[in-house]
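What follows is a set of notes on a single structure, which appears directly below.
The values are calculated or read from the model by the stated rules, or taken from the named source; none is laboratory data. None of these values were measured; they are calculated from a predicted model. With ideal geometry, Cβ positions are generated from the backbone for all residues, glycine too; neighbour counts draw on all protein chains shown. When the accessible area is computed, the model is the full protein with side chains, heavy atoms only, and any ligands, DNA or RNA have been set aside. Shrake-Rupley method; radii C 1.70, N 1.55, O 1.52, S 1.80 Å.
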Amino acid sequence: MELQIKNLSKIYPGGKKALNEVSMTIHDGMFGLLGPNGAGKSTLMKILVTLLKPSSGDIFVNGQQLSDHRKEVRSLIGYLPQDFRFFPKLKTWEFLDYAASLAGVSSKKERSLMVDKMLEEVALYDFRNRFANKLSGGMKRRLGIAQALIGNPKIIVVDEPTTGLDPEERIRFRNILSRLTKNEVIVVLSTHIVGDISSSCNQMALINSGELQFLGTPSDFVGKADGHVWSIDVAFDELQNVKEQYHVITSIPNVDSYTLEVLTIGENGLAKYNPKPVAPNLEHAYVYFMESQNFVIQE
Ligand code: ADP
């Protein structure tokens, strides 16, 4: 599969520019779309799944222009929206059965096989008779991905699926997504949580204020912060001073000093602290990108 996004812009009625000339090409595998709240991620995802029309620009799926082939492209897509809701009166299996009916699977037997397979895939088989709205937050999210997988989509779009999940459920969810990429599919995962852009993403992008800031592999992204992260020891009474001048990522108290991990943009001026270089990670790179653009980082 190939998803080509070309010069995509979206201006909402009222004038808010949510996307500005965004272009990228996405291939098979897991694509992580990272950005703080309000960056434009949901807008991009809604355009991808044909729920929203762009103001300008277009998307091509295997060379087919989305604006001319909405129906065909729609049939290739599975979508888990950010605010996914269940019908309160349906059991877990009934919900999937209903979703399969909506997707056009008319044979009851075929639906039943499909539902059982989905339930196994997302580890909800043992909970199939529980009412969907009585599942835990993580289980609901897994049911959400199961409904997105009905009809074997080639492009799976999941919008902020890990928000509010505990770390264990987050990992579980990511593992389900990365298992999917063993088939020839594209999984587009949007998130404001750096930890979601794990090594399972073979491609990633960073967007902020509707602008594409980075496109490449997670390791290229990390590489951008090379030479910008330092470890220094400072006396207790110097801590405040350093915090005012630099972005302190971590501070570990020692007996008579702090060991700090500090991110610097441009001239570092840390020589008097005898800085030691630190190999950057994804979080460092994210802070580096956001700081170098003078944006506020959101939790
Ligand atoms: P994200 O998913 O990264 O949090 P969104 O795509 O939801 O970002 O929003 C991008 C920007 O567009 C935000 O400033 C948001 O307030 C604005 N926005 C989103 N939806 C609408 C809408 N329907 N009408 C007007 N502005 C919107």
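Here are some notes:
- Checking GLY15, GLY40, GLY35 one by one, the residue that is without any contact (Cβ under 8 Å) to a residue 12 or more places away in the chain, of a type outside the set (Phe, Trp, Tyr) and farther than 22 Å from LYS154 by Cα is GLY15 and no other.
- Residue count for region 279-299 satisfying the condition of being modelled with pLDDT under 90 and touching a Leu at 6+ places or on another chain (Cβ under 7 Å): 1.
- When region 146-185 is filtered for residues that are among the small types (Gly, Ala, Ser) and open to solvent by 60 Å² or more (accessible area, probe 1.4 Å), only GLY164 remains.
- Taking region 176-287 as the region of interest, the strands (runs of 3 or more DSSP E) fully inside it that hold 2 or more residues being closer than 24 Å to ASP159 by Cα are 186-191, 203-208, 211-216.
Residue-wise test of (1) away from the ligand (no atom under 16 Å from the Cβ); (2) on the phi < 0 side of the Ramachandran plot; (3) of a type outside the set (Gly, Ala, Ser); (4) open to solvent by 50 Å² or more (accessible area, probe 1.4 Å).
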position	(1), (2), (3), (4)
GLU21	no, no, yes, yes
LEU34	no, yes, yes, no
SER42	no, yes, no, no
GLY57	no, no, no, no
ASN62	yes, no, yes, yes
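- When region 22-32 is filtered for residues that are in contact (Cβ under 8 Å) with a residue 60 or more places away in the chain and either outside the structural domain of LEU212 (by TED's automatic domain parsing) or part of a strand (DSSP E or B) (or both), the ones remaining, listed by number, are VAL22, SER23, MET24, ILE26, HIS27, GLY29, MET30, PHE31, GLY32.
- Candidate set from region 186-209 (those that are open to solvent by 20 Å² or more (accessible area, probe 1.4 Å) and of a type in the set (Ser, Thr, Tyr)); member that is farthest from the ligand (Cβ to nearest atom): SER199
- Condition check for VAL157 on (1) outside any helix (DSSP H, G or I); (2) touching a residue at least 40 places away in the same chain (Cβ under 8 Å); (3) more than 19 Å from the chain's Cα centre (by Cα): one failure, at (3).
- For LEU143, the conditions (1) open to solvent by less than 10 Å² (accessible area, probe 1.4 Å); (2) touching a strand residue (DSSP E or B) at 6+ places or on another chain (Cβ under 8 Å) all hold with the exception of (2).
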